[in-house]
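The values are calculated or read from the model by the stated rules, or taken from the named source; none is laboratory data. Everything numeric here is computed off the predicted structure, so don't read it as measured data. Cβ sites come from the backbone with ideal geometry, for glycine too, and all protein chains shown count toward neighbours.
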Amino acid sequence: MCKDETPELPSMSTALPTPTYVLSRPRVVPILDVVDEASNTKSFSFRDKLGATAMPGQFGMIWAPGTDEVPMSLLPRGKDDIVTITVKERGNGTGALLRKKKGDLIGVRGPYGRGFTYAGVRNALMIGGGTGAIPLLALTRILTPSRVRCSFILGAHTQRELLFQNEIERLCKETGGSYIVTTDDGSAGTQALATHEAAKVLRAGSFDRVYTCGPEVMMRKVIDLAGEARIAAEAGLERIFKCGSGICGSCCIGSYIVCKDGPVFSGEILRELPEFGRSTRDASGRPVIIKSS
Ligand SMILES: Cc1cc2nc3c(=O)[nH]c(=O)nc-3n(C[C@H](O)[C@H](O)[C@H](O)COP(=O)(O)OP(=O)(O)OC[C@H]3O[C@@H](n4cnc5c(N)ncnc54)[C@H](O)[C@@H]3O)c2cc1C
Ligand code: FES
């Protein structure tokens, strides 16, 4: 390749997919490294050949022995089959993971699901809220070497919950994209909702793809804004996952099984789903209204 040539975007599906029965065999791996990232949030690295093939937006089922198994975005480091997960404490499963130390064992299944698509994208806007920044960072890492212009709106309730600020800012600058931080309490960046800034940025820019991940109310608004601007959009959904592999049905939205048909869905599909951003299901499958914050 000559010096000024733009590298091709990494292909999204060059090899035959690994059969589900192989992905679903739990691998027990030692934790190699633990890093404090933000309030009640830590990153854990481990070595896992299959996990290292995860595409941005795909997830693994991570088992904290004796407690629970929870879905987590997988971030391959790009060499030596090292994978990182970043875990924010929410309940029992994530709490047990946060107590793990270097050398402790965890289980991994996957990677599962459909990730973000990016063929032909040249000017992308990412809008990430809270832990939604995690798969969007994985996507930004993949896009930047191919000189896709990446702009990022990173939102959180408060400064202590902002994730990966330095790396995201650096990657956006490298590609000539913009980087905006919003917090609900004004403790960092602009005191505003990420969607408020997204409306402004979408009016000013000429993006060809919008990606979002975070609270569902936020994603609904982003998908609607992208629709009004006639820009293709994708969102990474969170539902309660039990099997993580399309068997139990606990993660349904409309007629879709989020762990298998998603977790990333296109704006066209999501706009047709009345539940999206409005209601979800609790652990027993009962519909519950999503609160706006
Ligand atoms: C595809 C996917 C990728 C994810 N990636 C990450 C990640 O990279 N980092 C991270 O910190 N978290 C991530 N999550 C969220 C994480 O899986 C949940 O926080 C976790 O399963 C909660 O389990 P728990 O045992 O700690 O909490 P529980 O004790 O099971 O629940 C605590 C509370 O959280 C609610 N809850 C539990 N799971 C979910 C869910 N999936 N969606 C919405 N509400 C839920 C419960 O209803 C309950 O109110 C991801 C979720 C999905 C579906
Ligand atoms: S979590 Fe079981 S079908 Fe999706």
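Taken over the range 123-138, the criterion of being away from ligand 1 (no atom under 13 Å from the Cβ) and either assigned to a helix (DSSP H, G or I) or in contact with a Ser or Thr (Cβ under 6 Å, 6 or more places away or on another chain) (or both) is satisfied by Leu125, Ile127.
Residues of the range 100-122 that are part of a loop (DSSP other than H, G, I, E, B) and either in contact with a helix residue (DSSP H, G or I) (Cβ under 7 Å, 6 or more places away or on another chain) or on the phi < 0 side of the Ramachandran plot (or both): Lys100, Lys101, Lys102, Asp104, Gly113, Gly115, Phe116, Thr117, Tyr118, Ala119, Val121, Arg122. The set of residues from the range 53-67 being touching a residue at least 40 places away in the same chain (Cβ under 8 Å) and either polar (S, T, N, Q) or surrounded by fewer than 18 Cβ atoms within 10 Å (Cβ to Cβ) (or both) comprises Thr53, Gln58, Pro65. Among the residues of the range 35-46, the ones that are assigned to a strand (DSSP E or B) and either surrounded by fewer than 16 Cβ atoms within 10 Å (Cβ to Cβ) or touching a Cys at 6+ places or on another chain (Cβ under 8 Å) (or both) come to 2 in all. Applying the condition of being of a type in the set (D, E, K, R) and within 16 Å of ligand 1 (Cβ to nearest atom) to the range 109-122 and asking which residue is surrounded by the fewest Cβ atoms within 10 Å (Cβ to Cβ) yields Arg114.
Number of residues in the range 231-266 that are among the hydrophobic types (A, V, I, L, M, F, W, C), more than 6 Å from ligand 2 (Cβ to nearest atom) and over 15 Å from Thr280 (Cα atoms): the value is 6. Of all residues in the range 24-34, those satisfying the criterion of being modelled with pLDDT of 95 or more and either touching a His at 6+ places or on another chain (Cβ under 7 Å) or surrounded by 15 or more Cβ atoms within 10 Å (Cβ to Cβ) (or both) are Arg27, Val29, Ile31, Leu32, Val34. Counting the residues of the range 66-90 that are within 16 Å of ligand 2 (Cβ to nearest atom) and small (Gly, Ala, Ser) gives 1. For the range 1-23, the set of residues classified as surrounded by 15 or more Cβ atoms within 10 Å (Cβ to Cβ) and either basic (Lys, Arg) or at pLDDT 90 or above (or both) consists of Leu23 only. Scanning the range 99-108 for residues that are surrounded by fewer than 17 Cβ atoms within 10 Å (Cβ to Cβ) and of a type outside the set (A, V, I, L, M) gives Arg99, Lys101, Lys102, Gly103, Asp104, Gly107. The range 253-293 holds strands (runs of 3 or more DSSP E) entirely within its bounds, and those carrying 1 or more residues that are farther than 27 Å from Pro111 by Cα, at pLDDT below 95 and more than 12 Å from ligand 1 (Cβ to nearest atom) map to 287-289.
When we screen Arg77, Arg99, Arg90, Arg109 for residues that are of a type in the set (D, E, K, R), at pLDDT 95 or above and within 28 Å of Val22 (Cβ to Cβ), the only hit is Arg109.
Within the range 86-98, the set of residues being crowded, with 17+ Cβ neighbours inside 10 Å and near ligand 1 (Cβ under 6 Å from one of its atoms) comprises Thr86, Val87, Lys88, Gly93, Thr94. From the list Thr175, Thr131, the one residue that fits, being more than 19 Å from the chain's Cα centre (by Cα) and among the β-branched types (Val, Ile, Thr), is Thr175.
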